[in-house]
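Working notes for the structure below.
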Amino acid sequence: MKTCIVRKGLPRIDAIPKVSGEAQYTVDLKMPGLLVGKILRSPHAHARIKSIDTSAAKALDGVLAVITAEDVPENLFAFYQWQADKHILCTDRVRYVGDEVAAVAAMDDDTAEAALDLIKVEYEALPVILDIDEAMKPGAQLIHEGKESNSTWSVDRLFGDPDKALAECDYVVEGTYVTHQLAHCCLEVSNCIAKWDKRDKLTIWTNAQAPHTQRQEVARVLGIPRRNVRIINSTMGGGFGSKLVMDMKLPIASVLSRLTGRPVRIVNTRSEEFTTAKTRYPYTLHLKTGATKDGKILVRDLTLIGDNGAYHDKGPATINFSSMMFGTLYNVPNIRFHGELVYTNKAMGTAFRGFGNPQVTFATESQIDELAEKMGMDPLELRRRNVNHPDETAACGAEVCGCAMSECMELAAKEIGWEEKRGKGAPLRGVGLANMVHTGGGGRFYGFNSAEAIIKLSDEGTVTLITSALDMGQGAHTAMAQIAAEELGVRLEDINVLSHDTELTPYDLGSWGSRATFMNGNAVLAAAEDARQSLVEAAAEMLEADPADILVEESKVWVKGSHEKHDLSEVVDHTVNEHGEPISGIGRFVDHLPEGYTIPTAFAKNIPCFSFGTQAVEVEVDPETGQVNVLRVVAAHETGTTINQTMAEGQLEGSMAQGIGFALMERLVHDDEGRIVNDRFLDYKIPNIGDVPEMKAYCVESVGTRGPFGAKGIGEPGLVPTAPAIANAIYDAIGVRLHEVPMTREQIIKALKEKRASET
Amino acid sequence: MKAFDYVRPSTLEEACAVLADPAGSAKALAGGTDVLVQMRAAGLRPSVVVSLKDVPGLNFIHADDDGGVTIGAVTPLGAVEHSAVIKERCPAVAQAAAWVGSVQVRNRATIGGNLCNAAPSADTAPILIALGAEAVITDGREERVVLLEEFFTGPGQTVLGRGELLRAVRVPPAPARSFATYLKTFRSAMDCCTVGVGLCATFEEGSAAIKDVRLALGAVAPTPMRARATEALLAGRELDETTIAAASAKAVEEAQPIDDIRASAAYREVLVEVMSRRVLTAACAWAQNGGRG
Amino acid sequence: MKRELHIRVNGDEYHLLVETHRTLLEVIRDEIGLTGTKNGCGQGECGACTVLLDGEPVNSCLVLAHEAEGHDVLTIEGLGSGDTLHPVQRAFVETGAIQCGYCTPGMVLTAKALLDHNPTPTRAEILEGLKGNLCRCTGYVKIVEAVEAASCLLEGGEIE
Ligand SMILES: Cc1cc2nc3c(=O)[nH]c(=O)nc-3n(C[C@@H](O)[C@@H](O)[C@H](O)COP(=O)(O)OP(=O)(O)OC[C@H]3O[C@@H](n4cnc5c(N)ncnc54)[C@H](O)[C@@H]3O)c2cc1C
Ligand code: FES
Ligand code: FES
């Protein structure tokens, strides 16, 4: 494919504002009359609220409002309304440390803080449940009274006949794998400004990954018409899933604004961000894999318990997505999946880059190596015998169209030096590898999947692109601009992207699930095609040529065969000022549902486009301290067509670093009372520049997808296989197999000790 | 952060007088990298903050005539890290300073603050104790000197009385044929130390026999501590694998680590053993190599 | 309690009346209105608030504003001149070292100070020098490349 702008590693269009400090994030906004809002949060993981006394806080000079449950709508909320279980402010019970109990609006920070100190809440402690096993015991304290048990949701999937298949397998391996709560750690914390104006319109400035659905959520929980809520985004300091579902600070700030008649800002402290900004869902996975002696995997059977935390959010969606990826990674004919969500007195889970897939892939890809070990087969060879091929339909119904799984795997293996190193590297060194599959284009989970975009040309030929693709930092704006520029034939710098205002942008489900490039990108492409058509017609008219002979490139227009190039601005000026016909375009992309689609049965048919990838790592382990040094990570991921090489690498590199964090470092730790004790970067370690190894990202192009120019999303896949690749490399290095992430130094020491004990 | 009065005295005497005032709860402020964090997150609420920034005679590195070094208490760790005198006379101190936090932290954090904050994990403490450093304490009029190993009395606690300041730290000259080093886990990240081991070993001429040894451990007891029993075991012995193993095991016996978020007690014991062995092995190699490398 | 503060930021003199418990970060962002300096943690652990105080990088969230009395502060807005980016900024743009950009101002200033002291740092020196600046987006690969490229630009070379 010949392209001018797409497939180039061009600098991001927002790089200069960001590097010069001009970019405005929500935390940077200033506004006349702005008040400071703060939230009083529960110090208990589980307690009854006996009384709240706000009189002293209300009496404090500079305090404009103090609210409790009595002052807010009584509606219950959850991402899925059928699971609604959380009040805006707790009524009679708190369910995790950090639960919202009361809130204040004051003239300044110090006053707001002082006011919080003056609110007196009397609690009566209730038994605290932090552990899913504890929560599931018969007779366990119920976290939500009135429910039958703490187990709150479950799903089963069955393909083929797993029991029969298990009986036919020559080898079966079985194991339990555990993952924990992780924090997204966006460098910009969750924050908002709410302004409820005299016309009863509510405007919220916030950093939202899905402003249109958050607008609906805010309206739903406040019981007001959706049309009255507007969300405005600014430059975003990271997302990673944490900013998908509305945070309670939005309705809280809104109510404070209504009561005071002034805009109210609420900003998390870093500690609040760690303790209340939601987490990755921790899974406990009981997994069985069976294969014939020639290495054909016949069956996989997984029971997965997700720790929901205290309230509902994206749990069912996350577990469902896990099941789809579980079913699709290899074409396994017999699959059984049971997923369950259990309440605990911890912060709630939510979407987190990879959406349940890193957890499951840690189990499945670790177990492939265990199976290979048992069979005496090279784990790479075992994988080779089970890969998906292009244009196959997997047993679970997944339509694997363009698929570069084999290419990714072979490339990663070669680059890490698999043949030379696996099983024969230097002592204490090892290599490991893991595959993954992910969506490369969002999903049809809402029962529809579509996007729109609008393009208009100014009378000077510059382009305004209105898209709903949010840029959390992943580069969606640049990718959209490249697509539009390529199709329209204009320079990248002539494109201005607007996506920040729900009053401006078309309705959209948001930027998640590696969705933007595929969905919004297709809509942008359609809008650009539409605008291009008008442009070409106008040029043909002006240049007295056949539209079929008009060429547009780099904002120049000319007639095929002619050497006389015109500035695009001449054409636009001509059509606007001579004919009064401005140029614009509208584009819509609808990802049509497959035949017979229903939400409950669609399973992997929910995924419009799959993206495969492999990571291979080399590690060195210090057996005395348990220190794992990741020496190298090689990632080979499918991109369809790489819209922007630099940005795609950046997505993969950032993901790998997060994958290393997930594998070796990150975990929110609770004390017995349910308080998170590592609520700061010194104690909750995310990789710093010294922690990341040499990383090499390969974008493997493949054909056969319906993305714009054949592109697939690459935002999430990169952290999915990192942890199992590291686990497999650790096994290769020192012969111990860890079934829990993070694989800490302490656990490695313990495992080595157990290994030595069992050998003597 | 809660409001407080702020004074920036221009003499030691004045600073000590404010700190001594029994009416208030004054807090000395050097680099502020502990004080500000504690005021924001840990409920520290002084009535007056006494900035030591403009107090003369606290920020210096002096090459003493006897071959030792005196470091002013308000000297930033970044200056300690890069000081040519320190790198020449007690390089292990420069090393320990370089391992504290980040460049940004070291540009503010002072050596005096690191010691006076008295965290069991303070990175400069073990090596300074191992080197036999002294704390020079002043009340604004008179000075007293205590051995640094006696300076710490508990987590966050020192021998400093109300109205007293640490003025300087004095590192004595290194004895002939002595080897000193500081080892910290884990350096790959900006980590507060999980275990720190400081060693100063003096060897007999031409052998690996120990003449004198000081081993200090960080983050394994309420204060940075000297491992005296381990030192006793080592005294006069020839360093070899067996002795080193015995000494490392002894160090584990002596350490009294607790579980905290950064590591369990059991794991800290593993680290004490490994790291003691590693520093002693390095010392042994150095001695066997004729005091080089 | 308010107190007079004289401070020079990006070459401009400011005479302010500031409460004694305000940090340098708060004064730069809220009083002076330069919001390029970011707050990522407020306790010295992320580096987003890095500014150069008399040319040296510090976490402005850990410096009381009054401790900077009479001193020189450089924030990201003061780097480069007019429309021209500083070579470190240019290198960050061209190597793709920026994603969400929230860590970028701190990262760029720390890198600038590193290169001021050490114009041709080794990889290890770059890693050591930027350890106090967290980035959740990039995985740091392109940040290291950016610092190497900046070094090359400052030495009169060009970015490949
Ligand atoms: C992100 C981060 C990372 C860190 N990493 C490390 C690390 O790896 N290793 C480590 O050891 N430390 C680490 N620290 C802590 C370290 O910065 C401090 O211990 C620092 O050395 C304290 O010096 P300061 O000048 O900032 O002290 P301040 O905060 O100013 O003071 C600390 C205490 O000492 C008192 N004090 C200060 N000077 C004197 C004096 N002259 N006389 C009497 N009392 C005095 C103060 O009143 C206060 O109680 C880290 C801190 C941060 C924020
Ligand atoms: S905000 Fe200052 S270091 Fe994080
Ligand atoms: S670019 Fe987002 S934190 Fe660095």
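Here are the numbers:
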quantity	calculated
Alpha carbon convex hull of region A:466-546, volume per residue in cubic angstrom	96
Per-residue ³J(HN,Hα) for region A:126-133, Karplus 6.51 cos²θ - 1.76 cosθ + 1.60, θ = phi - 60°, Hz, x for Gly and Pro	10, x, 9, 10, 10, 10, 5, 4
Contact order normalised by residue count of chain C, Cα under 8 Å, 6+ apart, percent	23
Expected 222 nm ellipticity per residue - DSSP helices of 4 or more, -39500 (n - 2.57), all of chain C, to 500	-8500 deg cm²/dmol
Calculated FRET efficiency for the pair A:Ser55/A:Lys198, C-beta based, R₀ 25 Å, to 0.05	0.25
Segments A:619-628, B:204-213, B:129-138 sorted - mean Cβ within 10 Å per residue, highest first	B:129-138, A:619-628, B:204-213
Using distinct alpha-carbon pairs, which all enter the 1/r mean, Kirkwood radius of region C:87-154 in Å	11.4
Percent RCO, i.e. relative contact order, over region B:61-171, from Cα pairs under 8 Å lying at least 6 residues apart	28
Most mobile listed residue (B:Ala174, B:Ala96, B:Ala84) in chain B, GNM with C-alpha springs under 10 Å	B:Ala84
Candidates B:Arg108, B:Arg237, B:Arg141: whichever shows maximal mean-square fluctuation once chain B is modelled as a Gaussian network with Cα springs under 10 Å	B:Arg141
Electrostatic dipole magnitude of chain A [Cβ: Lys, Arg +1; Asp, Glu -1; Cα centre; debye, to 20]	1360
Ranked by how many other beta carbons lie within 10 Å on average, peptides A:188-200, A:585-597, B:155-167 from highest	A:188-200, B:155-167, A:585-597
Portion, in percent, of the accessible area of region A:20-150 that falls on carbon or sulfur, probe 1.4 Å	51
Alpha-carbon centroids, region C:1-67 and region B:277-293: separation in whole Å	47
Share, in percent, of DSSP beta bridges within chain A that are antiparallel, nearest 5	75
Per residue Cα convex hull volume in Å³ - calculated over region C:2-78	71
Pairwise centroid distance, computed over Cα atoms, of region A:658-672 with region A:90-124, Å	29
Accessible-area composition of region A:455-607, carbon plus sulfur, in percent [1.4 Å probe]	45
For C:81-94, mean number of other protein chain Cβ atoms within 10 Å	3
Accessible surface, region B:5-51, averaged per residue in Å² (probe 1.4 Å)	41
Inter-probe distance in nm under a simple model that places probes 7 Å from Cα toward Cβ, at A:Thr464 and B:Thr281	6.9
Probe 1.4 Å, protein heavy atoms only - accessible area per residue of region C:87-154 in square angstrom	25
Percent of beta bridges antiparallel (DSSP, region B:1-103, rounded to nearest 5)	30
Theoretical ellipticity at 222 nm over chain A - DSSP helices of four or more residues, -39500 (n - 2.57) apiece, nearest 500	-8500 deg cm²/dmol
Per-bin percent of Cα-Cα distances, region B:5-51 [5 Å]	5, 23, 30, 24, 13, 4, 0
Fully extended contour minus Cα-Cα distance, from A:Lys565 to A:Asp109, at 0.36 nm per residue	158.2 nm
Heavy-atom accessible area, 1.4 Å probe, ligands and nucleic acids excluded: residues of region C:102-122 down by at least 50 Å² from chain alone	C:Tyr102
For region C:38-160: span of alpha carbons on each principal axis (Å, largest first)	44, 29, 28
Two-site FRET efficiency, A:Glu553 against A:Phe448, from Cβ-Cβ distance with R₀ of 41 Å, rounded to 0.05	0.70
Centre separation in Å (Cα based) which lies between region A:255-306 and region B:102-147	44
Contact surface B-C: accessible area buried, both sides summed, square angstrom, 1.4 angstrom probe	2500
Difference of contour (0.36 nm per residue) and Cα-Cα distance, A:Arg385 to A:Asp622	81.9 nm
From phi via Karplus (6.51, -1.76, 1.60), per-residue ³J(HN,Hα) for region B:23-30 in Hz, x at Gly/Pro	6, x, 10, 8, 10, 6, 10, 9
Cut-off under 5 Å, modelled amide H: who pairs with B:Ala28 long-range	B:Val50
Extended-chain gain in nm, criterion 0.36 nm per residue less alpha-carbon gap, A:Ser149 and A:Asp131	5.1 nm
Per residue convex hull volume, Cα atoms of region B:61-171, in Å³	92
Apportionment of accessible area to carbon and sulfur, chain B, percent (1.4 Å)	51
Those residues of region B:273-293 whose amide nitrogen sits under 20 Å from the label point placed on B:Arg237, 7 Å along Cα→Cβ	B:273-289
Net charge dipole size for region A:567-725 [Lys, Arg +1 and Asp, Glu -1 on Cβ; Debye, nearest 20]	520
Residues whose placed amide H lies under 5 Å from that of A:Leu35, excluding near-sequence neighbours	A:Val264, A:Arg265
Cα-projected label distance for C:Asp54 with B:Lys2, points at 7 Å along beta-carbon direction, nm	3.2
Fraction of beta bridges assigned by DSSP in region A:450-590 that are antiparallel (%, nearest 5)	80
Complex-versus-alone comparison for region A:672-696, residues with a loss of 50 Å² or more in accessible area, probe 1.4 Å	A:Arg680, A:Phe681, A:Leu682, A:Asp683, A:Lys685, A:Asn688, A:Ile689
Chain B - mean residue ellipticity at 222 nm from DSSP helices (-39,500 (n - 2.57) per run, n ≥ 4, rounded to 500)	-9500 deg cm²/dmol
Rounded to whole Hz, the Karplus (6.51, -1.76, 1.60) HN-Hα couplings of region A:292-303, x for glycine and proline	7, 6, 8, x, 9, 6, 9, 8, 9, 9, 10, 10
Taking only Cα atoms of region A:641-746, radius of gyration then Dmax in Å	17.1, 53
Residue (of C:Cys103, A:Leu504, A:Leu329) at the positive-pole extreme of the protein assembly as shown, dipole from beta-carbon charges	A:Leu329
Spin-label pair B:Ala246/A:Lys120, simplified geometry with 7 Å Cα→Cβ offset, distance in nm	6.6
Over region C:87-154, relative contact order from alpha-carbon pairs under 8 Å, at least 6 apart, %	56
Rg to Rh, two decimals, where region A:450-590 supplies the alpha carbon set and Rh follows Kirkwood	1.01
Semi-axes of the equivalent ellipsoid for the protein assembly as shown, Cα gyration tensor, largest first, Å	49, 38, 32
Hydrodynamic radius of region B:178-288 per Kirkwood, over alpha carbon pairs, in Å	13.8
In the A-B interface, the accessible area buried, summed over both sides, Å² (probe 1.4 Å)	1700
Amide H contacts of A:Leu498 (H built 1.01 Å from N, under 5 Å, at least 5 apart or other chain)	A:Leu465, A:Ile466, A:Thr467
Cα pair count fraction exceeding 18 Å, expressed as % - region A:583-715	69
For chain B, the spread of Cα positions along each principal axis, largest first, Å	58, 45, 31
Accessible area of region A:396-554 divided out per residue, in Å², using a probe of 1.4 angstrom	32
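The values are calculated or read from the model by the stated rules, or taken from the named source; none is laboratory data. Given the structure is predicted, the values throughout are model-derived calculations rather than measurements. Glycine also receives a Cβ, built like all others from the backbone with ideal geometry; neighbour counts cover every protein chain displayed. Areas reflect the complete protein model, heavy atoms only, side chains present, ligands, DNA and RNA absent. Shrake-Rupley method; radii C 1.70, N 1.55, O 1.52, S 1.80 Å.
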